[in-house]
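Report on the structure given below.
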2 protein chains.
Amino acid sequence: MTEERVPIVERILNANDQLAEQNKARLDRAGVLAVNIMASPGAGKTSLILRTIEALSGSFRLGVIEGDTAPVTIDAEKVLAAGVPAIHINTGGGCHLDAVMLGDALTRLEAEKFDILIVENVGNLICPAAFKLGTHSNVLVASITEGDDKPYKYPKMYRNVDVLVLNKIDLLPHVQFDMDYFRRGVEMLNPGLTTFLVSCRTGEGLERWTEWLAARRKR
Amino acid sequence: MTEERVPIVERILNANDQLAEQNKARLDRAGVLAVNIMASPGAGKTSLILRTIEALSGSFRLGVIEGDTAPVTIDAEKVLAAGVPAIHINTGGGCHLDAVMLGDALTRLEAEKFDILIVENVGNLICPAAFKLGTHSNVLVASITEGDDKPYKYPKMYRNVDVLVLNKIDLLPHVQFDMDYFRRGVEMLNPGLTTFLVSCRTGEGLERWTEWLAARRKR
């Protein structure tokens, strides 16, 4: 029975990757930059998106795709309140977005209208790392309060991202967090990873992140 | 094709539940209390376990089962350093423990030797809620720094637990967290849920949690 199941899984993964390539080709034809933001629950994905909207919505046509495991549109409503088009994907209990869901959202949001599309994945450090969406950059938002051991404990996520945004640095004086230990873990898995230290609460460090994103779009 | 897959999933879930019942019967025969601790990455599961060991290892024979998504034994080593037997389950990228894994760990750890077994599930607010293990209580560790909207966004987890430990209350002065909004979300999903407000860093509030756990064992 196990032997029968393996090729089925293989085909599903391949189908996802093929659809991810189709999503990317569609975005490229329209000149749209798409970034996939992943994190633990509460690390600050939505806060980072709202800060990014503040900084860039005057210069770029931004759109946001919000993935959630439940039919709760809290995050999408925050984005809409900030004046940016947003769409909510309810995974129905699923622990990650996939390329099918993104493809559907691209159509419903009319992706071609935008310069930059920000995709907020489901809050989870495990499953989202295994499913390509067809976005151009995979961004991990980590937070100081999660602890300095997370690269060691969630290696697949840290290994597969293109950018790391380390949030909540304003809380460094109030928690135990060994930055050297954290950095060594990241460096072991993903040498030279582009990293931004920020506080979405105070605004510290965010200019470098938004400059990076804007430059990525202009290329 | 969907019609063919549904009954397969059904059988897998039933098999898990059956094995969970076997695990529970085994624990009951030996008079062992087992608790399943779930949380986001970094909410403080391991810190809570270490504080619990401090408080209760003089009075109870404690054992710990550490679930992780990677072959990284950081947490199990911390428990061993605190003088308590521990075993590490590597889910190999899987996002939750299941009853098969727990059953195997019970045998390897010789579960019958203990009064209280603490199971640390994989850091994830989604998948662990869907798999019974056969433990007597499901405990959710939430943290102030994750934000006050988490009950609304992860309803299945909040609905299915028996106890909530809200950790990192020492950081309340430093973050935005609307306790009333959080509590309303919890109450809507899980009315009257036993809740402990604690700080594993300062020790505040932990006596009530450890007293609850000790009383649960003595019944």
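Read the figures in this text as sums done on the coordinates, not as results from a lab. Quick caveat, the model's predicted, so the values are computed rather than measured. Here the Cβ is made from the backbone with ideal geometry for all residues, glycine too, and neighbour counts use every protein chain on show.
Each copy carries a label point for A:Ala130 at 7 Å from Cα along the beta-carbon vector; from one copy to the others these points are 1.1 nm apart, nearest first. Computed about the Cα centre, the dipole magnitude for the protein assembly as shown is approximately 80 debye when only Lys and Arg (+1) and Asp and Glu (-1) carry charge, each at its Cβ. Pairs of C-alpha atoms in chain A farther apart than 23 Å represent 46 percent of all such pairs. Each of A:Lys218 and B:Arg216 was given a label point 7 Å from its Cα along the Cα-to-Cβ line. The distance between the two points is 5.6 nm.
Within straight cross-link reach of B:Lys153, meaning Cα distance under 19 Å, which lysines are found once same-chain residues fewer than 8 apart are removed? Result set, ordered by chain and number: A:Lys45, A:Lys78. Shielding by partners for peptide A:124-130, expressed as the average number of C-beta atoms from other protein chains within 10 Å of each residue's C-beta, is 6. Rounded to the nearest 500 deg cm²/dmol, what is the calculated helix-only ellipticity per residue at 222 nm for the protein assembly as shown, with -39500 (n - 2.57) per DSSP H run of length n ≥ 4? Estimated from H runs of four or more residues: -13000 deg cm²/dmol. On the basis of the beta-carbon distance and an R0 of 35 Å, A:Arg159 and B:Ser59 show a calculated FRET efficiency of 0.25.
In nanometres and ascending order, the distances from the B:Ala15 label point to those of the other copies are 2.2 (point 7 Å from Cα along Cα→Cβ). A simple count of charges around B:Asn190, restricted to other residues whose Cβ falls under 15 Å of its Cβ and scoring Lys, Arg +1 and Asp, Glu -1, yields +4.
All alpha carbon pair distances within the protein assembly as shown were sorted into 10 Å bins beginning at 0; the resulting P(r) in whole percents reads 4, 21, 31, 26, 13, 4, 0. What are the distances, in nm and sorted shortest first, from the label point of B:Glu54 to the label points of the same position in each other copy, with each label point placed 7 Å from Cα along the Cα-to-Cβ direction? Ordered by distance, the counterparts are at 3.7 nm. With N the number of residues in the stretch B:61-164, Rg(Cα) / (2.2 N^0.38 Å) evaluates to 1.09.
Where in the stretch B:155-181 does the label zone of B:Met188 land, with the point 7 angstrom along Cα→C-beta and an amide N cut-off under 16 Å? Under cut-off, by backbone N: B:155-160, B:178-181. Volume per residue for the stretch B:107-204 equals 123 cubic angstrom (convex hull of Cα atoms). A protection proxy built from the mean count of other Cβ atoms within 10 Å ranks the segments B:160-166, A:66-72, A:25-31, most packed first, as A:66-72, B:160-166, A:25-31. Distance between the pseudo-spin-label points of B:Met179 and A:Lys113 (7 Å out from Cα toward the beta carbon): 4.4 nm. Other protein chain C-beta atoms within 10 Å of residue C-beta, averaged over A:151-157: 5.
Between B:Ser137 and B:Leu172, residue separation times 0.36 nm minus the direct Cα-Cα distance comes to 9.9 nm.
Averaged over peptide A:35-46, the number of partner chain Cβ atoms lying within 10 Å of each residue's Cβ comes to 5.
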